[in-house]
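Submitted below is the structure of interest, expressed as structure tokens.
All of the numbers you see were taken from the coordinates with simple rules; none came from a lab. Everything numeric in this text was worked out from a predicted model, so none of it was measured. When we count neighbours, we look across all protein chains shown, and the Cβ atoms used for this are built from the backbone with ideal geometry, even at glycine.
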């Protein structure tokens, strides 16, 4: 009876160790600079608001939009883009006020972990510019 109990506990221990190793954080390759899950690997968004009112900032991908914050007029803000939004395709940024004012669009970008995007909101949407830092 004692041998069966030891056998069961060793199988249970081996199963738990196998499950834990499958869930562990991988080391990646030497060419990987950052990972999206790490703070240094996240996409950073800097927004400068020169428009006349507060603007709500959204990240848009494949028809899905995610509100990431608000920028008050005359101020700049720094945001971290959720890692799930930058994988598998182009990403755009949208700024809009709560009223019926025009929508400011950045265009589409293919982003990678570690990129920094500067989105400058001018007084009109036509003069607004979004750039990815090299």
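Residue 78 to residue 96: extension gain in nm, 0.36 nm per residue of separation minus the Cα-Cα distance?
4.8 nm
Let me ask something additional. Order of 100, 105, 8 from fewest to most other C-beta atoms within 10 Å?
Arranged by neighbour count, lowest to highest, 100, 105, 8 become 100, 8, 105.
Further question: How many nm separate the modelled label positions at residue 112 and residue 13, each set 7 Å beyond the Cα in the direction of the Cβ?
Those two pseudo-labels are separated by 4.5 nm.
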